[in-house]
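The values are calculated or read from the model by the stated rules, or taken from the named source; none is laboratory data. Quantities reported herein were computed from a predicted structural model and do not represent experimental measurements. Areas reflect the complete protein model, heavy atoms only, side chains present, ligands, DNA and RNA absent. Shrake-Rupley method; radii C 1.70, N 1.55, O 1.52, S 1.80 Å.
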Amino acid sequence: MSDYDSIVKTFGGIRPLNLPAMKYQNTLLINVRSPKSTSQFGKLDHLKSDIEGVEMSEPVVSPASVFNPKTDSLHASMRPIIMLAQCFSMFPVSGVNTPDASHLRFTWRSPKFIYCAISFLGSSTMTIFNIMRIITSGINSTRMTTFVFNGTNLIASFLFLKLAMQWPCLMATWEKLEKELSHRHKKVSKTSLAAKFKIVTMVVMIFALVEHSFSILHGYIKAKECAQFRGDPDIIGVYFQSQFPQIFSRIPYSLWKGIVVDIINILSTFSWNFVDLFLILISIALADQFRQLNSRLYSIRGKYHFIVKAMPEWWWAEARSDYNHLATLTRQLDSHISIMVLLSFATDLYFICIQLLFSFNPMRGIIEKIYFGFSFGFLLARTTVVSLCAASIHDESLLPAPILYSVSGSSYSTEVMRFLSQVTTDSICLTGMKFFSVTRSLVLTVAGTIVTYELVLVQFNAVQQSGALNSTDVCEVK
């Protein structure tokens, strides 16, 4: 037998590979464009998708992970929240109910702006009357608290008016980035951004409504006791005059004036709560963008999580570019809302200290105790949630570092080095007009500040607290 015949006999029984008929069931083909790709090359992307669709037996991304502009874009998610704010004379931007952000606009002649201007005038009037009362009657904690409340809401109305002018441009930038990143990133959470916004808004607004209801009930009980003490049958009149002494100590009372002043107070209460709500929602949206980028980075981890798969340099360049775009968006957002962040933290800190100070006053009845406990607890919870949600942006911006540290020496490139340098040296977070950065450590700083200044306030106000303990007049207006 020749050598050729022996080779044929040996390998003749082996089944040849049928490559065209073989299907790769567990192979995941990812269609990612290089940063150097242009619109001209982009025209071939649909051909690549069609080819890959034939070869893959399963879809690349589940339908729940696909970006849906109707539920996952910030413009669509903020639509019901902005419409709610406009019912209370805030955020007078037009085109909110349109499918995309390109239709947003701000106009001075819109009914929303006129409504906002009327409310702003009412808040200004309340603030002026508070200043006049402080000048004529002197300063104490109660008068100062009322002044800070009205002044804060006046400033908040102005800030949201200013933000409404800048909102179309900001949303156009945000929406453009969302569409660009949606081709490479997938949703991390099964809950859509719109659903998250609705849940958070409902919880905050329900708690704010309960708190305001307790405030009205507490004021009505005090007015009823005062009316019985005076022998005055008009309990509603006594209620309005005791709740707004800065107004009705200077102008004669009438029912319609009391209703108008109470409406302005309701709008101010909503404004005070909406500042914190807005910061919570915008922080959730921005942190979610960073979270999607981090999900893509962490998807290249190996079996034991400390081994990173070798990726081409253009992949790292693309990831670094996405990170840089999000960092730029954070700075742009911070330039618009940093004053609002400072206002929120300053007023929340002040009211927490004042609430602790008022806790030393004697409380009449179970309703007043429930109102104080609920109000103080809600204020603490709201401040904590604002701090943690805003700090989550900074937390998410640091998460790419472990992946970049784990890149092997053979895969380490200039793009990885630039990416790691930006993550470790660039501070990406919201700020309070650059006075402070909102990070997780800020919560402990605020807690320490509360304790320190509470001791100062208690000692400073010792005489007033002694007078409050000896007070028995149910009709006393402070």
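Using alpha carbon centroids, what distance separates the range 168-217 and the range 110-162, in Å?
The distance from the Cα centre of the range 168-217 to that of the range 110-162 comes to 28 Å.
Express the carbon and sulfur contribution to the solvent-accessible surface of the range 152-283 as a percent, rounded to the nearest whole number, probe 1.4 angstrom.
Of all accessible area on the range 152-283, carbon and sulfur atoms account for 67 percent.
Compute the Cα gyration tensor for the range 310-391, then decide on rounded, prolate or oblate, letting a ≥ b ≥ c be the square roots of its eigenvalues: rounded whenever a/c is under 1.5, prolate when a/b is larger than b/c in the other cases, and oblate in all that remain.
Judged from the Cα gyration tensor, the range 310-391 comes out prolate (a/c at least 1.5, a/b above b/c).
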